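Read the structure below first, then the notes.
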Amino acid sequence: MAKQTGLGDYIAIDDSGGTARDISSNVSSLSIGNSQNLLEATGVDKSGVERLVGLSDGTVTLGGTCDFAANKEHAVLAEGRGTTRTFDYRIGGNTSSNPRLTMEMVIGAYNFDRGTDGSATWSCDLSLQDGTVPDWDTVP
């Protein structure tokens with residue numbers, strides 16, 4: 001696959017009934033963390049640090065403009081704090097062979113901000129929930 005932008009991406013999060021809802025048009029910023037804990041295990045016989053691979057983690061931060069329509073960002077996220085949701089991100093859109101990341105996440109925060117200019121924006125923090133290592137694949 002050649003270099004590409006993040007234009008035309010697809011983001012879906014399932015609602016409380018388990019139905020995936022496309023909230024792509026409501027998301028204006030996205031940050032994904034896919035980290036790996038490294039455990040220091042250096043013996044006294046070493047001059048350099050030894051590390052073991054520990055637990056994997058996944059975090060997502062989303063932000064955007066509020067949309068109070070049915071099945072859009074507010075309806076999906078506002079009722080979901082502390083509940084498990086499937087996060088589905090597809091770079092370049094929902095087209096076969098595009099990169100895809102799916103994770104079972106828990107919504108830790110859903111924040112609303114009304115700016116002095118009258119803007120209504122939101123942000124959401126999601127964290128890995130089910131212990132399954134986040135792994136990239138491709139859209140089938």
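Computed across region 14-127, the Kirkwood hydrodynamic radius from all distinct Cα-Cα pairs reaches 16.2 Å.
A Gaussian network model of the chain, with springs between Cα atoms under 10 Å, assigns the largest mean-square fluctuation among Asn71, Asn37, Asn111 to Asn37. Dividing the mean sequence gap of close Cα pairs (under 8 Å, 6+ apart) by how many residues the chain holds gives a relative contact order of 26 percent.
Coordinate-derived values only; no laboratory data. These figures come from a predicted structure and were not determined experimentally.
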